[in-house]
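Asker: This structure is in structure tokens; I'll ask about it shortly.
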Amino acid sequence: EVATAEPTATTLPTVELVATATEAPTAEATLSIPVSSGTPFGPSYRVGHVTDVNYPDGTYFNKGMFFTKQWSISNIGTGTWTEDYKIVFVKGNDLDAPASIPLGRVLSPGQSMTISVDLHAPVDVGEYAAYFMLQSPDGKNFGIGPNFDQPFWVKFYVR
């Protein structure tokens, strides 16, 4: 048989505040909220749930083939993405990708959409990768990862 403890009532201490009209205040109460440098205020911009719609990593393409890579992405931040937001190439093999592509629609927090980038496979056999992020109208890039500062990508082979 297992012994169990019976719950008991706990009495909390009582604090009594006493002030008289003749006492003068000695200090004024102030509220201090610590703010660290660099803390973002306002809406957050975060890409989440990036999935390949077509051409998963490791796909093989013929030399010089043109293709359109598509991803499904979701807005998991608190800010709305407008038509002025862009998909931007940030590193890797450029694959004749445009430097930026307008998002072209509004995407509110919690919504998803499919984005597309037209690419051109190189003529040399090998392994290739191109990395992309989203960019706000004021030029700030954002993406995936724990700090939402990492790109999403296309990785493939040319045969």
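Asker: Could you tell me the calculated FRET efficiency between Asn147 and Asp118, based on Cβ-Cβ distance and R0 = 25 angstrom, to the nearest 0.05?
Answerer: Computed FRET efficiency for Asn147 and Asp118: 0.30.
Asker: Per residue of segment 67-83, in order, report the coupling 6.51 cos²θ - 1.76 cosθ + 1.60 (Karplus, θ = phi - 60°) as ³J(HN,Hα) in whole Hz, putting x for Gly and Pro.
Answerer: 8, 10, 7, 10, 10, 9, 10, 10, 8, 10, x, 10, x, 7, 8, 9, 4
Bear in mind these aren't lab numbers, they're just calculated from the coordinates by the rules spelled out. This structure is a prediction, so every number in the text was calculated from the model and none was measured. Virtual Cβ from ideal backbone geometry, glycine too; neighbours counted across all protein chains shown.
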